[in-house]
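Notes for the one structure printed next.
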Amino acid sequence: MITPETLKRLEFDKILAEIATRVHSDVSRRQLMESAPQTDIASIDSISGRVSEIRALSSLGIDLRLAEFEDIRPLLETIRPSGAFLAPRELLVFLPVLRIFSDVSRQFAPRGDIPLLRAIDPPLKPFADILEPLAASIDSDGSIMDGASSQLREIRRAKRSLSARIRKKIEEIVRDNNIEIFLQDDFITQRSGRWVIPVRMDSKGMVKGVVHDVSSSGETAFMEPLEIIPFVNELENLNAEEKAEEIRILRQLSAWLREDAPQIGACFETLVTLDVLNGIAGFADLYSLESARMNSTGELRLSEARHPLLLMLQHKGALSRVEPLDLGLGKRTPTQNLEADQGGEEGATQAYMNIRRGAPDEANADMRSNSASVMVITGPNAGGKTIALKTAGVLTLMALCGIPVPANGARSSFPLLDTLLVDIGDEQSIEQSLSTFSAHVARIAAILDQAGPRTLVLLDELGAGTEPQQGAAIACGVLRDLRQRGASVIATTHLSEIIGYVHRTPGMLNAGMEYDSATYTPLYRLISGEPGHSHAIEIARRFGMPERVIEFAREMLGTAGEEFTSLLAELHRKREELDEARRGLSQQQEQVRSTQQELDTRAAGIERAKREAREKGYSEARELISTSRRRMNELLEEYKRERRSEIIDQLRKSEQELLEELKPRTVEDEEQPPLRDVAAGDRVQIRSLGHNGVVLQLLPRQGKVRVRAGNIELDVALDDLRSPLKKEGVKQQRPVKSAWKVDAVEDEQRELKLIGLRVEEALEMLEPFLNHASLGGLREVRVIHGLGTGRLRQAVREHLARHPLVEEYRPGEAHEGRDGATVVTLRS
């Protein structure tokens with residue numbers, strides 16, 4: 001269990017207080033401030049997932065329709081007894097709550113992308129049967145409206161009418177009886193619910209009426225004229241009826257609330273939960289926090305972590321930058337820790353010598369691995385050690401509460417804990433420390449009793465407050481005991497003796513806060529695997545300490561201190577060399593990635609150019625075929641005008657030209673370089689089409705030329721030109737198989753069977769059939785397409801409708817196949 005004292009020492013209450021400014025009710029604020037870390041992943045994931053769903057809705061511009069509301073639970077207890085009812089202002093408290101129920105339930109109902117929010121039990125209900133009459137009965141000022149009931153409306157209408165009559169009657173009395181001279185003033189008012197006029201005290205006997213009040217000066221008597229008493233009595237009766245009707249309305253509204261009180265109370269708990277989650281989501285969006293990943297292995301990983309209180313100061317402008325923290329703490333089992341303790345002084349000495357020689361061995365690498373469960377942070381004063389310690393603690397608490405953390409969520413991981421134990425001084429904050437040695441000892445003794453495998457221990461200034469050697473010895477014993485208990489530990493210290501013990505003990509890891517050796521200023525960056533240095537002498541010199549004092553201090557420090565300082569300097573130098581090598585490798589990798597990306601871009605461009613050339617060639621080939629078909633139809637028309645033999649030769653010549661132009665390119669053609677120098681009249685090969693043409697015009701601005709290829713003209717890129725095909729000059733034998741035959745058409749060629757073919761195949765056969773029939777002088781032919789789905793019949797008839805050789809067409813007669821065939825009449 002994590003105690004409230006621990007939460008306060010880590011200043012977690014300040015973070016909750018900041019989140020609490022974003023909720024809409026005092027009850028939500030109290031629940032938020034009482035938030036406690038969870039001990040199971042399911043609960044944490046549930047809270048975190050619901051916060052993420054609210055943030056996802058917010059990113060879509062959809063905010064939960066929440067508003068300020070009050071705690072209705074005491075009022076629900078008030079109306080629990082039968083017959084109890086609430087005053088209008090108490091009923092008014094329910095209106096915003098019921099409206100929020102209705103609004104949020106309507107928001108959630110159609111959405112399928114918020115399963116965790118919709119799974120909150122119980123879900124919010126609109127309670128329309130209560131909200132509507134309540135809203136129609138209670139005004140915003142807490143009064144009962146006329147529309148609360150028809151009877152109340154009639155009573156109040158009668159009261160207004162009667163009041164107007166009373167006022168008019170008094171005015172008539174004053175005017176008709178000439179009593180104006182006896183009045184102190186000319187206004188009409190009320191005293192104790194009675195209508196009165198102000199009469200001078202010395203003239204009250206001149207006015208018939210009843211005195212109900214006297215002014216404080218004693219000069220004015222407030223008198224009710226006798227003539228209006230019946231009217232006022234009637235008005236009093238109406239007031240009594242109004243009061244009775246209002247009580248009846250309040251009883252009815254309270255009874256409806258009492259009937260649904262358990263459900264309303266449960267939904268109110270859901271509303272408070274949603275309000276708290278919405279406040280967490282707003283806090284997370286403001287500071288760009290990320291959802292935390294939990295683990296059950298005891299691993300603590302922080303990547304680009306920042307203390308949330310420092311982020312708040314930065315947001316307010318008090319800080320210009322918050323340095324990110326990277327920290328890794330693994331975990332070993334207690335058995336492994338005990339085995340590691342048995343390595344002895346010989347192994348530790350050998351490891352120390354290896355470090356001195358700059359030759360790390362496997363044992364040293366293991367000591368610095370992320371499997372360490374104990375981390376000791378050293379460094380100068382005000383270097384950020386305590387901030388690093390508190391950052392690890394407070395982010396762990398946030399993660400355990402399901403609150404997003406200011407860290408890289410994908411690379412950070414937080415352990416499930418049974419308890420978190422801290423020793424960070426008496427009421428210490430980030431800015432100051434008020435600890436004493438005795439207080440440290442008492443708290444550490446309690447920590448040792450409570451620590452276990454699922455424990456995170458944070459110890460600040462371990463071993464401080466007493467004689468350094470004894471303090472260091474006690475500190476090393478504490479670290480050893482905590483590691484054997486399986487706890488994860490992060491501690492800070494200034495004692496170099498602790499650094500040596502941690503260095504030679506497997507399962508422990510030194511870390512230091514980086515410092516600028518040139519300016520002696522802290523950089524607030526944590527370096528794992530390398531202890532920090534206090535730089536006390538250098539800082540003292542920088543701040544004006546006399547040189548004689550500095551020299552004496554160096555002499556007092558002795559050779560052992562100088563060797564230790566030299567060792568730290570050597571480690572620092574090697575780390576800088578490693579960082580420089582890593583940066584160089586990163587630059588090389590970036591160059592390789594850039595080169596690969598450039599090559600990929602070029603390859604994509606080449607492939608795109610090929611695709612465009614193919615598409616262009618296909619488009620131009622289709623245009624060529626279309627042109628040839630139109631020319632063929634023109635020749636057929638001329639053929640019909642008795643120029644048959646000449647037209648047949650032209651048809652065969654056109655066919656041969658078309659075949660030549662569409663002839664595939666050879667490998668030899670592909671390997672020819674593009675022509676660079678061409679002039680009008682040159683004969684060239686168009687590579688994308690695979691046929692020759694004649695240059696008509698140069699278009700240098702577009703990098704193209706205009707070429708005639710057969711019967712068409714087209715613009716071609718210069719890179720698409722090659723030397724003319726060699727076979728062009730050789731006389732080609734006329735192909736016999738593909739030549740069109742224009743012989744006499746026999747009777748069996750008067751019909752075409754298309755049954756079983758696809759539309760595209762059928763139309764390809766229909767075109768030459770019609771051409772041959774027309775050349776053969778046939779007047780009427782039959783196309784048999786069958787019934788089927790009717791798609792083929794429709795396509796055939798649509799083709800016939802726009803064909804230049806067709807004069808008309810009709811469905812077949814009974815002996816011709818009916819609608820399964822189409823009879824075509826050709827033009828003569």
All but one of (1) assigned to a loop (DSSP other than H, G, I, E, B); (2) open to solvent by 40 Å² or more (accessible area, probe 1.4 Å); (3) in contact with a helix residue (DSSP H, G or I) (Cβ under 6 Å, 6 or more places away or on another chain); (4) in contact (Cβ under 8 Å) with a residue 60 or more places away in the chain hold for Pro126; state the number of the condition that does not hold. (4)
Give the residues of the range 449-494 that are of a type in the set (D, E, K, R), free of Cβ contacts under 8 Å to residues at least 12 places away in the same chain and in a helix (DSSP H, G or I), sorted by residue number. Asp449
Among the residues of the range 393-401, are any polar (S, T, N, Q), in contact with a strand residue (DSSP E or B) (Cβ under 9 Å, 6 or more places away or on another chain) and either modelled with pLDDT under 95 or open to solvent by 20 Å² or more (accessible area, probe 1.4 Å) (or both)? no
Out of (1) under 16 Å from Ser82 (Cβ atoms); (2) charged (D, E, K, R); (3) open to solvent by less than 60 Å² (accessible area, probe 1.4 Å), the odd one out for Glu246 is which? (1)
Say whether the condition of being closer than 20 Å to Lys390 by Cβ and assigned to a helix (DSSP H, G or I) is met by at least one residue in the range 314-330. yes
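One line per residue, one yes/no per condition, for (1) within 23 Å of Leu397 (Cα to Cα); (2) open to solvent by 20 Å² or more (accessible area, probe 1.4 Å):
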{"site": "Phe437", "(1), (2)": "no, yes"}
{"site": "Val441", "(1), (2)": "no, yes"}
{"site": "Pro453", "(1), (2)": "yes, yes"}
{"site": "Val457", "(1), (2)": "yes, no"}
{"site": "Gly463", "(1), (2)": "no, no"}
{"site": "Gln470", "(1), (2)": "no, yes"}
{"site": "Ala473", "(1), (2)": "no, yes"}
If the Cβ limit is 9 Å and pairs must be 6+ apart or interchain, which residue in the range 65-78 that is touching a residue at least 12 places away in the same chain (Cβ under 8 Å) and open to solvent by 80 Å² or more (accessible area, probe 1.4 Å) pairs with which residue that is among the small types (Gly, Ala, Ser) and in a loop (DSSP other than H, G, I, E, B)? Glu68/Ser25; Glu70/Ser25
Quick one: would you say Leu805 is open to solvent by less than 80 Å² (accessible area, probe 1.4 Å) and under 17 Å from Lys753 (Cβ atoms)? no
Taking the range 81-123 only, how many residues are aromatic (Phe, Trp, Tyr), within 20 Å of Glu68 (Cα to Cα) and open to solvent by 40 Å² or more (accessible area, probe 1.4 Å)? 0
Can you tell me which condition Ala67 does not meet? The list is (1) at pLDDT 95 or above; (2) assigned to a loop (DSSP other than H, G, I, E, B); (3) under 20 Å from Pro404 (Cβ atoms), and all the others hold. (3)
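Residues to consider are Arg644, Arg573, Arg593, Arg630; find the one that is at pLDDT below 85, exposed (fewer than 13 other Cβ atoms within 10 Å of the Cβ) and over 30 Å from Asn510 (Cα atoms).
After applying the criteria, what remains is Arg630.
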Step by step: first the residues of the range 22-34, then only those that are open to solvent by 30 Å² or more (accessible area, probe 1.4 Å), in contact (Cβ under 8 Å) with a residue 12 or more places away in the chain and out of contact with any Gly (no Cβ under 8 Å at 6 or more places or on another chain), then the one that is farthest from Leu311 (Cα to Cα). Which residue is that? Asp26
For the range 185-207, name all the residues that are under 26 Å from Leu162 (Cβ atoms) and open to solvent by 90 Å² or more (accessible area, probe 1.4 Å). Asp186, Ser192
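The values are calculated or read from the model by the stated rules, or taken from the named source; none is laboratory data. The structure presented is a predicted model; accordingly, all values stated were derived computationally and were not measured. Cβ: placed from backbone, ideal geometry, glycine included. Neighbour counts: every protein chain shown. The protein model used for the area step is the full one, side chains on, heavy atoms only, and it has no ligands, DNA or RNA in it. Shrake-Rupley method; radii C 1.70, N 1.55, O 1.52, S 1.80 Å.
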